[in-house]
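Worksheet for the structure shown next.
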Amino acid sequence: MTSTIAVRDLRVGMYVHLDGGWLSHPFPLSAFRIATAEEIATIRGLGLERVRWDAHKSDLPDAGQDGLPVPAASATVGAWAPVADPAQLAASREHDWLAAQRRAAQRCEQQYSEAAKSLREVGELLNTQPEQAGRTTTALTQAMLDKMLAAEDVGVRLVCGTGADRGAAHGLNVAVIALLIGRTLGLGPEEMLDVGVGALLHDIGKQDVPTRLRHAEEGFTAAEVNGYRDHVAKGVLLGKRMALSAGALAVIAQHHENADGSGFPLRLPADRLSLGARIVAIVNRYDNLCNPGSRNLALTPHEAVATLFAQGRSRFDPPVLNAFIRMMGVYPAGSLVQLTDDRYAMVVGANSTRPLKPLVLVHGRGGARPDPRAAGGSGAQLVDLETQPDIGIRRSLPAAKLPPAVLSALDPRPRVAYYFEPLSEEPQAMEFAA
């Protein structure tokens, strides 16, 4: 149950709702608990007179039973406070870390959902208001950049990807990873904006291609191959109607070109391709390997990275490919792995600075072999391998190699979807049950 409050009366601890939508403010979420006076100042700077707030979700130190502020009681002088024992302190740290991880996951899921909603709006506006569709895409990209560039260290987190159709999910995946690569390569603000807009819209021309030709398949006739490839030229025409920048149009026009000149539609060599197009070409190929039209052909993220490294060293721009592999890590989010203690796990978060020590969801308890016969086993645990010096990843596995009960407990989604998240400087916890 929410009510409204004057912006001038906001206090730290209040849970507020900003109804303007994700693109109208710089916060990661549109509903959140105010943590600092700086956040209050930012809200006041939005020009709002009143905002909604939820007393029951708020955490005010002087709140009564109804959540509303009450006069603070005087502190007891000389009160004795017991000292927590080490086990209690460890349990408290674990609880706090788990809560922080859940908040991070929820934040990524909500941001992904809101971005997917904005991208659906672009599709709805495209035919009737193309320039507005272009402005909406640019605003979405700028909002993503504002949130991405505000953090010193950014990682990739696996999300459920609900709320986005296949086209929107592909566009978001490619945009998120392409922007992270651009950040790694030190692109400037205008270049980053072009990369993001171009990545979100790189396949926009497919809406003017027959459904059966939107995804290349083995066995296509020459005419069908040409029909599929037409989506590039059609995308450029739509991009011009949307009044996109030259840099964004170059990404759309060149996202199927290869650095060795083997791509299409113009077989351009690397020196004639924009950097944004070279980035998107790699990420587009990676996402198509992980999320093909037929799930039977899907590779795990680890397998997809290995394939790009093995087959793409001549096809793609080497510096960009190396930046992609460094950023995604040896075991990208979504990879299924076996740990050195024989347990199975799914990578849910990757940090390029610690590529061999990702955040994983593990089946079974520490120190014990997982029991494939147990229905769901002992559940799944969230583990930061950075805090586990004696545990590492032994190997990556396809889903078919995992025992059914383990696969059920880890619950990998049929489609790999990503979003970015800010990372703390140091890992904060050990291992415990989710």
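The values are calculated or read from the model by the stated rules, or taken from the named source; none is laboratory data. The structure displayed is predicted, hence computed values, not measured ones. Quick reminder, even Gly has a Cβ in these numbers, built from the backbone with ideal geometry, and neighbours come from all protein chains shown.
Restricting attention to the stretch 335-344, does a residue exist that is surrounded by 21 or more Cβ atoms within 10 Å (Cβ to Cβ), touching a residue at least 12 places away in the same chain (Cβ under 8 Å), outside any helix (DSSP H, G or I) and among the small types (Gly, Ala, Ser)? It would help to see each step written out before you state the result.
From the stretch 335-344, those surrounded by 21 or more Cβ atoms within 10 Å (Cβ to Cβ) are 335-337, 339, 343-344; that's our starting set.
This time we only want the ones that are touching a residue at least 12 places away in the same chain (Cβ under 8 Å), so: 335-337, 339, 343-344.
Cutting the leftovers down to outside any helix (DSSP H, G or I) gives us 335-337, 339, 343-344.
Still in the list and also among the small types (Gly, Ala, Ser): 335.
Yes, that holds for at least one residue.
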Of the residues GLY67, GLY20, GLY45, which is more than 24 Å from PHE420 (Cα to Cα), at pLDDT below 85 and within 29 Å of the chain's Cα centre (by Cα)?
-> GLY45
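Quick check on this structure: which one of PRO292, PRO265 is surrounded by fewer than 19 Cβ atoms within 10 Å (Cβ to Cβ) and modelled with pLDDT of 95 or more? Before the answer, list the steps.
Values: PRO292 fails: modelled with pLDDT of 95 or more.
Sole residue among the options that is surrounded by fewer than 19 Cβ atoms within 10 Å (Cβ to Cβ) and modelled with pLDDT of 95 or more: PRO265.
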Which one of these is of a type in the set (S, T, N, Q) and outside any helix (DSSP H, G or I): THR138, THR128?
-> THR128
Being under 27 Å from GLY186 (Cβ atoms), in contact with a helix residue (DSSP H, G or I) (Cβ under 7 Å, 6 or more places away or on another chain) and small (Gly, Ala, Ser), is that true of even one residue in the stretch 311-326?
-> yes
Note on the stretch 273-311: residues of a type in the set (D, E, K, R) and under 13 Å from HIS256 (Cα atoms) are ARG278, ARG285
If only one of LEU180, LEU158, LEU238, LEU213 is under 26 Å from PRO319 (Cβ atoms) and either touching a residue at least 40 places away in the same chain (Cβ under 8 Å) or not hydroxyl-bearing (Ser, Thr, Tyr) (or both), which one is it?
-> LEU180
THR136 passes all but one of (1) in contact with a strand residue (DSSP E or B) (Cβ under 7 Å, 6 or more places away or on another chain); (2) more than 19 Å from ALA417 (Cα to Cα); (3) modelled with pLDDT of 90 or more; which number fails?
-> (1)
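Just give me the residues in the stretch 263-282 being within 18 Å of PHE309 (Cα to Cα) and over 25 Å from the mean Cα position of the chain (by Cα), in sequence order. Walk me through it before giving the result.
The first filter runs over the stretch 263-282 and keeps only residues within 18 Å of PHE309 (Cα to Cα), leaving 263, 270, 278-282.
Once the filter is applied, which keeps residues that are within 18 Å of PHE309 (Cα to Cα) and over 25 Å from the mean Cα position of the chain (by Cα), the stretch 263-282 yields GLY263, ALA270.
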Filtering the stretch 239-260 down to residues that are farther than 18 Å from ALA281 by Cα and surrounded by fewer than 23 Cβ atoms within 10 Å (Cβ to Cβ), which residue is nearest to the chain's Cα centre (by Cα)?
-> SER245
Hey, does the stretch 264-273 have a residue that's touching a residue at least 40 places away in the same chain (Cβ under 8 Å) and in contact with a strand residue (DSSP E or B) (Cβ under 9 Å, 6 or more places away or on another chain)?
-> yes
For the stretch 197-205, does any single residue satisfy the condition of being surrounded by fewer than 16 Cβ atoms within 10 Å (Cβ to Cβ), touching a helix residue (DSSP H, G or I) at 6+ places or on another chain (Cβ under 8 Å) and over 30 Å from ASN351 (Cβ atoms)?
-> no
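Go through GLU94, GLU124, GLU152, GLU109 for me and flag whichever is at pLDDT 85 or above and more than 20 Å from ASP287 (Cβ to Cβ). Spell out how you get there, then give the answer.
On the way: GLU94 fails: at pLDDT 85 or above; GLU152 fails: at pLDDT 85 or above; GLU109 fails: more than 20 Å from ASP287 (Cβ to Cβ).
Going through GLU94, GLU124, GLU152, GLU109 in turn, just one is at pLDDT 85 or above and more than 20 Å from ASP287 (Cβ to Cβ): GLU124.
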